[in-house]
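Reviewing the structure listed below.
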Amino acid sequence: MSDVAMNNDLSARAAESRGDPASFNEPSRRVVVVWLALFGAGTVSLLFLLCSKGGWAEAGGLPGWGMILVGIGLVVVMLWLCLRIAFRHGAGLAYAARSCAPAIGAGEYEAHGLGPVAADGTAPELYLDLMKRAVANILYQDKPLIFYDDKRKPILARRFDLSRRVMGEDAPTYSHTMIGIRRLENVQFCIESVIRDGVPGDLVEAGVFRGGAAIFMRAVLKAHGIADRCVYACDTFTPIAPAKPHWLVVPFMQGIGSVPSRWWRRKCFHLLQRLLSEQSSFPVCEDPSDDLVDFVMWHLRNPAGILTEGGTSLDEVKSCFARYGLLDDQVVFLQGFFADTLPTAPLKEAAVIRLDGDTYESTRDALTLLYPKLSAGGFCIIDDYNAYPDCKRAVEEYRQARGITDEIQKIDRIAVFWQKS
């Protein structure tokens, strides 16, 4: 399938998902009951205080008709917020049936570059082909939490979509990586290129999620019998959100994220990231783009989008390496913020660096500390270049400040890379 056909297919699927009520949060009756109970209790309390002698009318110094108007206004606001959350952000009054994923025909795999392996394929080629399918979970096809549309806007998913998994445009529930097959192919190309050309240095991934891409890096070294290079996996290894927020908290998360005020949303974003920074899970973003703020607020309104299975702690990521038989002394874990761990890392030279830090600060710190160690002929991969304006801004500023003119090459609709001259 050509890139144009692939993009058209993804656009059509995104449009279909946006119009399908099942593409929003699965409705929760408990959430609706909580909001209706709050609305009912608030209305009764207002009516009682307005009508009772010595109530708000006297305490507030307003005439009775004035307090009645105030009460009506508050009731309208509460009703509007309840309905907004209930109908726009997934807490509907009726359950939407979860659609079963239709069977994927054998021809569709071939159309996405996942057809039969070459008849003359060697054992390393067969191994790496299977590894790509395994870490991306093409094998068992877990239903993703969300899809990303053409503008990187999230949409709650209702079933597995092969084209999105191949392109790395979904957030899997169980898969060990979310970068998709195309970016895994790029990782393999870069590593095999530096091996073939004798470019010195280790392999680094800054931002590892559950470790899938770093696991595949180690698999490439194993397949080619390389024993003098290491894979550095750098991350905070601390979850940025609770795995399953309590159902009583969900309505309040949705309410906070539903306020249609840019000022309010930025204030909430800064408060959230300060809490995350105190937990050492994510660095503070001084000047986040509106896109990043909206992305975080969307997840507050749609908490089902963060209900991942399988964590990202250091022990859990090591467990993922061990499942593939690839946890050995050629894997080095650096836990903490990039600015704290990379300056003292034992890394002398790098042949491939893959940056997946999302934000401006994370991307800037990783480039500043890793790129000077990248050998000539080595590769720099930027995962979120076309996903978040913050990431792209950090890359462009760094390249301009240091006069880097190496051509940026597109991997898919999100990631890019270039070879250091």
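The values are calculated or read from the model by the stated rules, or taken from the named source; none is laboratory data. Quantities reported herein were computed from a predicted structural model and do not represent experimental measurements. Reconstructed Cβ throughout: ideal geometry from the backbone, glycine too, with neighbour counts over all protein chains shown. Note: areas computed on protein heavy atoms with side chains; ligands, DNA, RNA excluded. Shrake-Rupley method; radii C 1.70, N 1.55, O 1.52, S 1.80 Å.
Couple of notes before you dig in:
- Residue list for the stretch 140-152, filter: assigned to a loop (DSSP other than H, G, I, E, B) and touching a residue at least 12 places away in the same chain (Cβ under 8 Å): TYR140, GLN141, ASP142, LYS143, PRO144, LEU145, ASP149, ASP150, ARG152
- The number of residues in the stretch 157-188 that are assigned to a helix (DSSP H, G or I), in contact with a helix residue (DSSP H, G or I) (Cβ under 9 Å, 6 or more places away or on another chain) and at negative phi comes to 13.
- Subset of the stretch 106-122 [in contact (Cβ under 8 Å) with a residue 12 or more places away in the chain, small (Gly, Ala, Ser) and on the phi < 0 side of the Ramachandran plot]: ALA111
- Enumeration of residues in the stretch 117-139 that are within 14 Å of THR177 (Cβ to Cβ) and assigned to a loop (DSSP other than H, G, I, E, B): ALA136, ASN137, ILE138, LEU139
Yes or no, residue by residue, for (1) of a type outside the set (Val, Ile, Thr); (2) open to solvent by less than 40 Å² (accessible area, probe 1.4 Å); (3) modelled with pLDDT under 65:
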residue	(1), (2), (3)
LEU69	yes, no, no
CYS100	yes, no, yes
HIS112	yes, yes, no
ALA118	yes, no, no
ALA123	yes, no, no
LEU128	yes, yes, no
LYS151	yes, no, no
ALA157	yes, yes, no
PHE160	yes, yes, no
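- Residues (farther than 21 Å from ARG413 by Cα and within 26 Å of the chain's Cα centre (by Cα)) located in the stretch 363-396: ARG364, ASP365, ALA366, LEU367, THR368, LEU369, LEU370, TYR371
- Members of the stretch 368-383 found to be in contact with a strand residue (DSSP E or B) (Cβ under 8 Å, 6 or more places away or on another chain) and either at negative phi or among the basic types (Lys, Arg) (or both), listed by number: LEU370, TYR371, LYS373, LEU374, SER375, GLY378, PHE379, CYS380, ILE381, ILE382, ASP383
- Among the residues of the stretch 283-297, those identified as touching a Lys or Arg at 6+ places or on another chain (Cβ under 9 Å), open to solvent by less than 30 Å² (accessible area, probe 1.4 Å) and farther than 16 Å from ILE146 by Cβ are PRO288, SER289, VAL293.
- Restricting the search to helices (runs of 4 or more DSSP H) fully inside the stretch 314-421 and requiring at least 1 residues that are free of Cβ contacts under 8 Å to residues at least 24 places away in the same chain and small (Gly, Ala, Ser) gives 314-323, 389-401.
- Of all the listed residues (VAL208, VAL187, VAL204), the sole one being open to solvent by less than 40 Å² (accessible area, probe 1.4 Å), at pLDDT below 95, within 22 Å of the chain's Cα centre (by Cα) and closer than 21 Å to ILE381 by Cα is VAL208.
- Among residues of the stretch 221-235 being surrounded by 24 or more Cβ atoms within 10 Å (Cβ to Cβ) and either among the polar types (S, T, N, Q) or modelled with pLDDT of 95 or more (or both), the one that is farthest from the chain's Cα centre (by Cα) is VAL231.
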